[in-house]
Amino acid sequence: MTGSDGMTGSDGMTGSGGMTGSEGAGSRLGDAWRACVGTGRLELALRADYQESLSLIQREIGFRHIRGHGLFSDGMGIHRPYHDRGRRHVRHVFGYLDQVLDRYLELGIRPFLELGFMPSTLASGEQTVFWWRGNVTPPASWSEWAGLVRATVVHLIDRYGLDEVRGWPIEVWNEPNLKHFWQDADAAAYHRLYEISARTVKEVDAGLQVGGPAISPGDDDWMLRFAEFVVDRGVPVDFVSRHAYTSGPAQHVPFGTHQSLRPAADLLSQFGLPRRQLRDTPLAGVPVHITEFNSSYRPDNPIHDTAFHAAYLAPVVAAGGELADSFSYWTFSDMFEEEGVPAALFHGGFGLLTHRQIKKPTFHLYAFMARMADRVLARGDNHLVTTDDTGRVTVLAWSPVDHTDLTASPESHHLRLSVPFAGAAAFLLRSTVSEDHGNAWRAWCELGRPAAPYRRQLEILREAAEPARSHRRLPVAGGAVQLDLTLTRHEVTLLEITPVADETPPWWDETRLLGAGREGEAR
């Protein structure tokens, strides 16, 4: 079809034609996709490899916030009770937290704070989650919990300034609807935790952002019960949050997990669920943050490392901002350790990067998005086209995938677009990741899956991780450039088309590069 902006196109397998469109044409391309990214527990940010990885992420992608577990867990050392003169006191120690947040801000990223887990010195029980044993029981003293929250928020304001900290969302706990993360998944106990936490935050400053309930997919009634609770009791809530995953039950193998997947469109449905649920409630219109999303919820599923994964998530990253105010990829790095120290460089971790900063194909999906122009020209099932005021046009395109069988995804996908373009000539730079390009996991497999690669093997993997790049001059006819693309299996490609201002001197003659020419002609 042809849109009012003059954009035309067709896409389909083996050139058969298919969906075209200019939906959203003229709108701004939002940045909900880069509003937040996930991380392993906060204390990992004290390590050099973590900081090097986050620095790379920020240079090439540039997320605005970062969210992880463990703010109050023992490894951060904040809650420090002691006895003096026969009485119990609590000292709040922020040395590690300051180091973490100072480094975040130096790298241009701000925290999305998660209040949890319970310090063992404040916990009412011994139930823990993860290899690093985050305590998931309610506090033994609710007043002491409120004191911990208050002291932390006051310290942050004192150190970083009120205006700065007002821009840091504060989320209460993580996935309390799962018994693994909250003792007995007790909704009433969570509602009490939320109310005490939210009121404490607001007592410090009414302009601070607080929200929840940070629920895992699978029990949709939790959001409605949370909404009913905060409305009935007048509890502050500045945003609602939930998580989104599409994987089925875990099939465990040594040091790994395999799972079935639902279609990627199911992620978009989950992104949109809070607004659908709350549209007839007093919470209609509050910001919605998807504070975790990925395909699998397991940090040892090899699907995270593949080219398939980038193509699978491409339509989600390209369109998710239409449904939520932010959606946070879980996580930026494989430095994670919830299931223990990883047993191999590629182990199915959540990260956009492995340890040692090897880029995965999904890293490039995000890096491509970071290079997109800011005004939408067209959207289709398998492409997004944008432009900006300089006349630059960018096209993100991806191959359709079969979410049930990697080998059943189409071997090729054809896309034809007629793109409005000002200027007499255009330059095209194409960057591609696929099964054969920008796919360090495939190279690692071909190297024999070395668990701890040697220096030269790491160099090979870093080179193999870079996208394939090609370029050419494009003609412009009738105010448009014609694109005829063939994408291979599981390919994600970025086209950057820029106007050419030709400054070739009049004496230039390429045929004379080897000295050919008429005798006596000026050299």
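Before moving on, here are some points about what is shown:
- Compactness relative to 2.2 N^0.38 Å, alpha carbon Rg of region 290-437: 1.14
- About its Cα centre, region 58-150 has a charge dipole of approximately 200 debye under the convention of +1 per Lys or Arg Cβ and -1 per Asp or Glu Cβ, with nothing else charged.
- Residue ranking by accessible heavy-atom surface, 1.4 Å probe, largest first, among 498, 306 comes out as 498, 306.
- For region 391-474, the set of chymotrypsin sites (Phe, Trp or Tyr not before Pro) satisfying both a DSSP loop assignment and a count of at most 15 other C-beta atoms within 10 Å is given as 454.
- Net length available on complete extension from residue 186 to residue 84 is 33.2 nm, with 0.36 nm assigned per residue and the Cα-Cα distance removed.
- Label-to-label distance, nm, for residues given as residue 202 and residue 516 (7 Å Cα→Cβ offset): 8.1
- Estimated inter-spin distance, residue 284 and residue 390, nm [label 7 Å along Cα→Cβ]: 4.3
- For region 243-314, the list of trypsin sites (Lys or Arg not before Pro) that fall in a loop by DSSP and count at most 12 other C-beta atoms within 10 angstrom reads 279.
- Anchor residue 202: lysines whose Cα lies under 29 Å away (excluding residues fewer than 8 positions away in-chain): 179
- Alpha carbon Rg of region 224-354, scaled by the compact-globule rule 2.2 N^0.38 Å: 1.19
- Here the accessible area of region 122-276 is 51 percent carbon and sulfur, with a 1.4 angstrom probe and all protein chains present.
- Angle in degrees between helix 307-319 and the longest Cα principal axis of the chain, rounded to the nearest 10: 80
- Heavy atoms of residue 132 accessible to a 1.4 Å probe, total area in Å² rounded to 10: 40
- In the assembled protein chains, residue 90 presents an accessible area of approximately 40 Å² (probe radius 1.4 Å).
- Straight-distance crosslink candidates among aspartates and glutamates, where the alpha carbon sits under 15 Å from residue 359 and sequence neighbours closer than 8 are dropped: 49, 52, 60, 305, 334, 435, 436, 459, 463, 466
- Extension gain, residue 52-residue 253: 0.36 nm per intervening residue step, less the Cα-Cα distance, totals 69.2 nm.
- Between 0 and 90 degrees, the angle of helix 48-60 with respect to the longest Cα principal axis of the chain falls at about 50 degrees.
- Whole-angstrom gap from region 265-340 to region 395-459, using each part's C-alpha centre: 22
- Compactness ratio for region 226-288: Cα radius of gyration over 2.2 N^0.38 Å (N = residue count) comes to 1.55.
- The calculated P(r) of region 417-523, using every Cα pair and 10 Å bins from 0, goes 12, 26, 21, 21, 15, 4, 0 in percent.
- Using alpha-carbon coordinates, inclination of helix 265-278 to the longest axis of the chain, degrees: 50
- Pair residue 162, residue 509: separation of 7 Å Cα→Cβ label points (nm): 7.5
- Compactness of region 255-306 is given as radius of gyration and Dmax, 14.8, 46 Å, from Cα positions.
The values are calculated or read from the model by the stated rules, or taken from the named source; none is laboratory data. Values in this document were obtained by computation on a predicted structure and should not be read as measured data. Here Cβ is always computed from backbone atoms with ideal geometry, including for glycine, and neighbour counts include all displayed protein chains. For the accessible areas, the whole protein counts, side chains as well, though only heavy atoms, and no ligand, DNA or RNA atoms are used. Shrake-Rupley method; radii C 1.70, N 1.55, O 1.52, S 1.80 Å.
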